[in-house]
Amino acid sequence: MIPLPPFSLLRPDSLDEAVRAASQHKDARFLAGGTDLMVNMRRGLLKPACVIDLSNIVQLHRITFGEKETRIGGLVSLARLTREPELQIRYPVIAQAAAQIAAPAHREMASLAGNLCLDTRCVFYNQSEWWRGTIGYCLKYDGEICHVAKSGNTCFAAFHGDLAPVLLVLGARVEIVGTEGRRIIDLQELYSGDGKAHLTLKRGEILTAVILNNRPGTVARYEKARIRSAIDFPLAGVAIARANPLKNKACLQIALTGIDVKPVQLEGAPLTVSLPLSDEAEATICKQVTQAIQPMQSSFSPPGYRRKLAVNLTRRLLREMARE
Ligand SMILES: Cc1cc2nc3c(=O)[nH]c(=O)nc-3n(C[C@H](O)[C@H](O)[C@H](O)COP(=O)(O)OP(=O)(O)OC[C@H]3O[C@@H](n4cnc5c(N)ncnc54)[C@H](O)[C@@H]3O)c2cc1C
Ligand code: SF4
């Protein structure tokens, strides 16, 4: 870690002010909890001339429980997601996943939007300036080649956020505000699929809220595998949501993290399956997972191992949910 490089710090009181500040400072970065941004700045991976702290913007901290939808402000902390009583009733899986992110002190600072926007990770990237210098840096920052796929021109750094797969299976949309106004997109559209510039946010756009349609009767679970169970990013994480439109049939949504450049949602979802789930149906779903993901050598754990983890977590979750 190196000392923080010099930058100017702005702390606007409103969304309008924040958008204006971002349009006036070409090289600005938004700061929420800082648990990802500050680490990357101290590794020399980001050198913004201006940091715009969003914490004073009251509306970004609000959660609204409507009759048809739930709206969670981008700056709501992960700790609050774990203890908000109404959220526990409507979407217990969000609390379950948030509680597995980083450590308690991080969760007090870290935000929902920061978790969805956190940078992609790679063993050749999340290193000190000195370490990266010894290998000539890499495509994602300051270098010419990718050490994971040397012949290509693509960055395969993986997305490891824990909340994205959970929100994907719940059908979340995100609200974005920038100089061109406000837009709402499906969460999946937030991710570009390029590890170098992994978000589709335009410069200066702020992720202001996550919006969820209320879906009574939907059951969802999240499970992750990590090296240190007390604190670690997922080597693989799987979320499954199950809605029972008919008594003997269920619709499944499945999404994964940690094993690809972006969070992966199984195509063709929702998958309609007969209940109880047969061995053949379980095997078909596991095969679909294998085909949908593309883990690369971007972590200390080999891609084949992470692929197996993703499939085994899916199988375990399917079996656990079948017993409920
Ligand atoms: C030791 C350690 C362990 C960790 N373990 C995990 C883990 O297990 N799982 C996991 O998912 N994460 C983990 N993290 C990463 C991080 O703590 C979380 O992802 C956290 O939710 C990031 O939120 P933040 O508010 O701190 O984001 P910040 O660091 O403030 O921001 C992250 C990025 O998002 C951008 N951003 C923030 N808010 C907005 C907004 N409203 N609009 C647009 N852009 C925005 C910032 O500019 C920055 O690029 C870990 C971090 C550490 C240091
Ligand atoms: S995948 Fe390649 S370009 Fe991307 S961070 Fe890793 S080494 Fe760099």
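The values are calculated or read from the model by the stated rules, or taken from the named source; none is laboratory data. If you're wondering where the values come from, they're calculated on a predicted model, not measured in any experiment. When we count neighbours, we look across all protein chains shown, and the Cβ atoms used for this are built from the backbone with ideal geometry, even at glycine.
At a glance:
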item: In segment 27-45, residue surrounded by the most Cβ atoms within 10 Å (Cβ to Cβ) [restricted to those that are assigned to a loop (DSSP other than H, G, I, E, B) and in contact (Cβ under 8 Å) with a residue 24 or more places away in the chain]; result: Ala32
item: The lone exception for Ser229 - which of (1) farther than 17 Å from Ile259 by Cα; (2) within 14 Å of ligand 1 (Cβ to nearest atom); (3) over 13 Å from the mean Cα position of the chain (by Cα); (4) modelled with pLDDT of 95 or more it fails; result: (4)
item: Options Thr154, Thr134; residue that is β-branched (Val, Ile, Thr) and either more than 9 Å from ligand 2 (Cβ to nearest atom) or at pLDDT 95 or above (or both); result: Thr134
item: Qualifying residue in segment 142-156 (condition: in contact (Cβ under 8 Å) with a residue 12 or more places away in the chain, within 14 Å of ligand 1 (Cβ to nearest atom) and surrounded by fewer than 17 Cβ atoms within 10 Å (Cβ to Cβ)); result: no
item: Segment 118-138 - residue that is closer than 21 Å to Pro263 by Cα and of a type in the set (A, V, I, L, M) and, of those, farthest from ligand 1 (Cβ to nearest atom); result: Val123
item: Residue check, Ala225 buried (at least 17 other Cβ atoms within 10 Å of the Cβ), in contact (Cβ under 8 Å) with a residue 12 or more places away in the chain, assigned by TED's automatic domain parsing to the domain that holds Leu277 and of a type outside the set (S, T, N, Q); result: no
item: Residue that is within 13 Å of ligand 1 (Cβ to nearest atom) and crowded, with 16+ Cβ neighbours inside 10 Å, where the choices are Leu207, Leu170, Leu212; result: Leu207
item: Which numbered condition Val166 misses (of (1) assigned to a strand (DSSP E or B); (2) within 19 Å of Ala322 (Cα to Cα)); result: (1)
item: Counted residues, segment 14-44 - those being touching a helix residue (DSSP H, G or I) at 6+ places or on another chain (Cβ under 8 Å) and within 13 Å of ligand 1 (Cβ to nearest atom); result: 12
item: Test: residue in segment 284-304 that is surrounded by fewer than 13 Cβ atoms within 10 Å (Cβ to Cβ), of a type in the set (Gly, Ala, Ser) and closer than 23 Å to Arg121 by Cβ; result: yes
item: Subset of segment 47-60 [under 20 Å from Met109 (Cα atoms), within 10 Å of ligand 1 (Cβ to nearest atom) and in a loop (DSSP other than H, G, I, E, B)]; result: Leu54, Ser55, Ile57
item: Residues located in segment 262-289, provided they are assigned to a loop (DSSP other than H, G, I, E, B), out of contact with any strand residue (DSSP E or B) (no Cβ under 6 Å at 6 or more places or on another chain) and over 20 Å from Arg323 (Cβ atoms); result: Glu267, Gly268
item: Output for segment 63-83, where each listed residue is buried (at least 19 other Cβ atoms within 10 Å of the Cβ) and either of a type outside the set (A, V, I, L, M, F, W, C) or on the phi > 0 side of the Ramachandran plot (or both); result: Thr70, Gly73, Gly74, Ser77, Arg80, Thr82
item: Among (1) at negative phi; (2) touching a residue at least 12 places away in the same chain (Cβ under 8 Å), the one test that Gly171 misses; result: (1)
item: Residue match in segment 82-89 (condition: in contact (Cβ under 8 Å) with a residue 24 or more places away in the chain, of a type outside the set (Phe, Trp, Tyr) and within 14 Å of ligand 1 (Cβ to nearest atom)); result: yes
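Per-residue answers, yes or no, for (1) under 15 Å from the mean Cα position of the chain (by Cα); (2) not small (Gly, Ala, Ser):
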| site | (1), (2) |
| --- | --- |
| Gly73 | no, no |
| Leu78 | yes, yes |
| Thr82 | no, yes |
| Pro92 | no, yes |
| Ala95 | yes, no |
| Pro104 | no, yes |
| Glu108 | no, yes |
| Ser111 | yes, no |
